[in-house]
1. Any residue in region 45-56 that is in contact (Cβ under 8 Å) with a residue 40 or more places away in the chain, in contact with a strand residue (DSSP E or B) (Cβ under 7 Å, 6 or more places away or on another chain) and either of a type outside the set (A, V, I, L, M, F, W, C) or more than 19 Å from Ile138 (Cβ to Cβ) (or both)?
2. Filtering region 145-159 down to residues that are in contact (Cβ under 8 Å) with a residue 40 or more places away in the chain, outside any strand (DSSP E or B) and not polar (S, T, N, Q), which residue is surrounded by the fewest Cβ atoms within 10 Å (Cβ to Cβ)?
3. Give Asp41, Asp25 a once-over and let me know the one that is assigned to a loop (DSSP other than H, G, I, E, B) and open to solvent by 80 Å² or more (accessible area, probe 1.4 Å).
4. Within region 113-144, take every residue that is of a type in the set (S, T, N, Q) and assigned to a loop (DSSP other than H, G, I, E, B) and give me the one that is least open to solvent (accessible area, probe 1.4 Å).
5. Of (1) in contact (Cβ under 8 Å) with a residue 60 or more places away in the chain; (2) farther than 17 Å from Val136 by Cα, Ala24 satisfies all except one. Which?
6. Name the residues in region 98-111 that are at pLDDT below 90 and either open to solvent by less than 40 Å² (accessible area, probe 1.4 Å) or touching a helix residue (DSSP H, G or I) at 6+ places or on another chain (Cβ under 9 Å) (or both), would you?
7. Exactly one of these conditions fails for Gly73: (1) surrounded by 11 or more Cβ atoms within 10 Å (Cβ to Cβ); (2) of a type outside the set (Asp, Glu); (3) at pLDDT 95 or above; (4) not in a helix (DSSP H, G or I). Give me its number.
8. What is the one condition in (1) in a loop (DSSP other than H, G, I, E, B); (2) open to solvent by 80 Å² or more (accessible area, probe 1.4 Å); (3) closer than 21 Å to Ile141 by Cβ that Ala89 does not satisfy?
Amino acid sequence: MTASTDTDQPRPGETILDRDPADADDARLCFIGRIRSAHTDRRSCPKNLRQAREAGQAGTIEIDEAFRPALAGLAAGQAVHLLTWLHGARRDLAVQTPRHAEEPRGTFALRSPVRPNPIGLHLVRIVALDPASGLVTIDAIDVLDGTPLLDIKPYFESVDVPPKMDAGRYADGVQTPTAALPGPTAALAGPTAALAGPTSTLAAT
């Protein structure tokens, strides 16, 4: 997952917040581990999980010792949401101009890692799990090596698949003609296919 850094100049049409959220002291977050990946440079890092899976490069989660008992109940083959802290992303843009977009959009209408709280959301599948060592192998990941991990939450097909909507669906932030969202039985049809769908990644700028 690529991200702008604090030294990047705003692109045309982008709006900077009056206050940098990085200066706030509203929350006490605790990193529970880190992501290990083959991606060491943001320019070559996949923009999303679809690209990461196409590259065929798995990732590894390293859970700190104190939190390893919390892995109980997870199993290989299971889909989970990862919440990461995208520490290299800038946080002060209210309006952004993604490279793939024709016009600027509000940050909350994008999956960009650049946001007031740069929390990454990744729907991945567990390939292997060793609770004793705190190592969890996942099918793919779209963040830089060493990215801090905030949380792991199981994917539940019964609650995580949205209902069908007649008003159309959004793909990469753009509304397309009316089409039903995938039903509960289609959301995780195969080992990796549906994990690249609309709930799986954060599109990078």
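1. The answer is no; no qualifying residue exists.
2. Step by step, filter region 145-159, then rank; the result is Gly146.
3. Result: Asp25 is the single residue among Asp41, Asp25 that is assigned to a loop (DSSP other than H, G, I, E, B) and open to solvent by 80 Å² or more (accessible area, probe 1.4 Å).
4. For region 113-144, the residue satisfying everything is Ser133.
5. Just one mismatch for Ala24, condition (1).
6. Within region 98-111, Pro98, Ala101 meet the criteria.
7. (1)
8. The one condition Ala89 does not meet is (2).
The values are calculated or read from the model by the stated rules, or taken from the named source; none is laboratory data. Just so you know, these numbers come straight off a predicted model, no measurement behind them. Neighbour counts run over all protein chains shown; Cβ positions are idealised from the backbone, glycine included. SASA here: full protein model, heavy atoms, side chains in, ligands and nucleic acids out. Shrake-Rupley method; radii C 1.70, N 1.55, O 1.52, S 1.80 Å.
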